[in-house]
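The values are calculated or read from the model by the stated rules, or taken from the named source; none is laboratory data. Treat the numbers as computed from the prediction; the structure is a model and nothing was measured. Cβ coordinates were reconstructed from backbone atoms using ideal geometry, including for glycine residues, and neighbour counts include every protein chain displayed.
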Amino acid sequence: MSTTTLTALYDLRADADQAADRLGREAGVARADISVIARPDEAADPAQPADPGFLASLKNLFVPDDHRAGYSEAVLRGGFLLTARVGPEAADRAADILEAHGAVDLDERQQAWRTEQQAAPAAALHAGGEERIQLGEEQLRVGKRAGVAGRVRVRSHVVETPVEEQVTLRDEHVSVEHRRLDRAPDAADQALFAERTIEATETSEEAVVSKTARVVGEVVVGRTADERIETIRDTVRRTEVEVEDDRPGAGATPASPPAAGPRR
């Protein structure tokens with residue numbers, strides 16, 4: 001049976017633990033299918049086994065790359081990431097439970113981080129020192145995975161259908177009749193006083209049924225493959241810097257390296 005991976009981010013460990021508990025009680029999700037990932041130096045719940053390294057856990061999550069990076073940053077900032085594998089019949093109920101315990105909107109949180117970074121004060125540069133701005137760039141990687149689009153199952157079974165045929169049967173019967181006569185013997189009566197035995201057998205026909213099998217058709221199950229091209233549209237980010245140089249005679253200074261195209 002196919003499962004769906006649900007992911008939710010929380011600011012408090014208590015919220016994540018309460019959501020995990022309700023998933024088991026109200027949505028029937030096994031505890032082995034629920035994990036709460038925290039920063040490695042975060043105190044672990046003594047009632048639960050220690051979380052594995054969160055970077056390795058995030059690498060194995062079935063989420064888009066851009067969300068994986070956001071979740072990684074959120075955990076580094078002290079957040080708690082809950083993941084649960086649920087069946088299709090419990091997915092809606094499980095999603096409602098995760099929302100009810102205050103799951104963080106990752107897109108809004110990332111926008112807040114970017115605003116926070118843009119509002120950071122400029123660092124003062126001292127003589128003989130230097131400050132660095134790291135330039136980052138996201139790359140779009142498009143892969144593919146096989147999914148079940150449908151299934152065809154052909155099963156044979158035997159159906160019994162009543163049929164009838166008519167056949168004419170012949171029955172022969174023996175009759176014995178005693179007739180009273182009063183005449184003189186003739187030539188045919190020479191053996192009048194001889195002992196004789198006459199036997200007659202009654203016959204009765206009965207229907208005999210036999211069946212023969214014939215191959216009258218076949219069902220052929222085959223599979224064909226078609227290829228299609230799907231255009232994936234998304235956005236990637238890169239860091240750019242603007243250099244303001246009001247020194248006399250200063251020339252133009254390149255701000256950022258040229259942008260790299262998307263990679264596949």
task: Can you give me the number of residues within the range 7-37 that are loosely packed, with under 14 Cβ neighbours inside 10 Å and within 26 Å of the chain's Cα centre (by Cα)?
output: 6
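Does T168 qualify as being modelled with pLDDT of 90 or more and either among the hydroxyl-bearing types (S, T, Y) or assigned to a loop (DSSP other than H, G, I, E, B) (or both)?
Spelling it out, T168 is indeed modelled with pLDDT of 90 or more and either among the hydroxyl-bearing types (S, T, Y) or assigned to a loop (DSSP other than H, G, I, E, B) (or both).
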statement: Screening D234, D182, D189, D226 for residues that are surrounded by 10 or more Cβ atoms within 10 Å (Cβ to Cβ), of a type in the set (D, E) and over 30 Å from A69 (Cβ atoms) leaves only D189
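Kindly provide the set of residues from the range 115-125 that are at pLDDT below 70 and surrounded by fewer than 10 Cβ atoms within 10 Å (Cβ to Cβ), ordered by number. Can you show your working first?
The initial filter retains those residues of the range 115-125 that are at pLDDT below 70, namely 120-125.
Answer for the range 115-125, where residues must be at pLDDT below 70 and surrounded by fewer than 10 Cβ atoms within 10 Å (Cβ to Cβ): A120, P121, A122, A124, L125.
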- request: Identify the single condition in (1) at pLDDT 85 or above; (2) within 26 Å of Q111 (Cα to Cα); (3) among the acidic types (D, E) that D65 does not satisfy, given that it satisfies every other one.
  value: (1)
- request: Hey, could you check the range 201-223 for residues that are loosely packed, with under 10 Cβ neighbours inside 10 Å and in contact with a strand residue (DSSP E or B) (Cβ under 9 Å, 6 or more places away or on another chain) and say which is nearest to D107 (Cα to Cα)?
  value: S204
query: Which of the following residues is assigned to a loop (DSSP other than H, G, I, E, B), under 27 Å from E137 (Cα atoms), at pLDDT 85 or above and out of contact with any His (no Cβ under 9 Å at 6 or more places or on another chain): E199, E218, E206, E240?
result: E240
- prompt: Is it fair to say Q139 is modelled with pLDDT under 85, surrounded by 10 or more Cβ atoms within 10 Å (Cβ to Cβ) and either part of a loop (DSSP other than H, G, I, E, B) or charged (D, E, K, R) (or both)?
  reply: yes
- prompt: Quick one: which of Q111, Q134 is loosely packed, with under 12 Cβ neighbours inside 10 Å and part of a helix (DSSP H, G or I)?
  reply: Q111
message: For the condition at pLDDT 90 or above and more than 15 Å from V36 (Cα to Cα), what is the one hit in E99, E73?
response: E99
